[in-house]
Amino acid sequence: MATLALVLALTGTGAYAAGQLTARSVGERQLRPGAVTAEKLRKSSVTTPKIKALAVKEGKLANRAVTAAKLDDAAVATNSLATGAVSNEKLGPDSVTGDKVVEGTLSQVPSASRADFAVVAESANPVAFAAVNAEGNLILSLSKGVAAQRKAPGVYCVSASDFNPRGAQVTLRNVNDGEASAFATIGGTETCPAPQVEIRTFKGELTSEPFYISLYR
């Protein structure tokens with residue numbers, strides 16, 4: 001009987017005492033390493049205030065755990081992006097504006113070919129042209145957008161009415177013997193300051209001759 005009483009005392013009473021632990025009697029020191037596993041945690045029992053700063057590192061995150069909805073506005077700064085992380089496929093339509101582009105990396109846009117054609121068209125149909133007689137006067141029926149003045153025998157100053165010429169073509173009029181010639185100087189001279197064009201006509205020496213002139217932008 002004494003033995004039975006001893007067994008009951010060691011088992012039944014001890015088991016009862018273990019199931020009736022007093023509040024706060026089990027602390028960190030009473031827990032074995034690895035005693036609290038993920039399966040032992042109640043759902044939603046670990047809240048944000050319970051997580052120590054920097055406790056959750058990259059290696060602790062599951063694949064695709066951080067979605068776009070979890071990121072605050074401006075949370076990802078430029079210095080947080082890896083080199084080459086933003087590729088062409090990642091850019092939305094019209095997301096890159098002109099001031100973000102290095103112009104030297106661009107090829108000609110389709111509409112630019114029209115500008116090239118416009119230059120060619122202007123050379124065939126100039127916006128400023130004139131027929132000038134030997135005295136430096138315009139023949140108005142053959143002139144458009146040009147002013148002319150003779151400064152000296154064989155020296156004429158010509159200008160466009162609404163732009164600064166970057167090119168000119170001069171041809172003598174009514175010359176059949178091939179001895180006369182004409183030259184144009186763009187950018188101004190001492191006699192014809194810019195933006196005027198100086199025309200010189202020769203026939204062995206400077207001599208006044210009638211000519212045609214076309215000015216280009």
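No value in this document is a laboratory result; all are computed from the given coordinates. This one's a predicted model, so the numbers in the text were calculated from it and none came from an experiment. When we count neighbours, we look across all protein chains shown, and the Cβ atoms used for this are built from the backbone with ideal geometry, even at glycine.
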* **For the range 28-110, convex hull of alpha carbons as volume per residue, Å³** => 187 Å³
* For the range 128-216, what size does the Cα cloud have along each of its three principal axes, sorted from largest down, in whole Å? -> 35, 30, 19
* Asked: When the chain is fully extended, how far beyond the present Cα-Cα distance does residue 74 get from residue 89, taking 0.36 nm per residue of separation?
  -> 3.3 nm
* To do: Place the peptides 126-132, 138-144, 69-75 in order of packing, highest mean first, counting for every residue the other Cβ atoms within 10 Å and averaging per peptide.
  => 126-132, 138-144, 69-75
* **Amide H partners (placed H, <5 Å) of residue 144, local residues excluded** => 129, 130
* Asked: Non-local amide H neighbours of residue 167 (under 5 Å, H modeled in plane, Pro and chain starts lacking H): which ones?
  -> 216
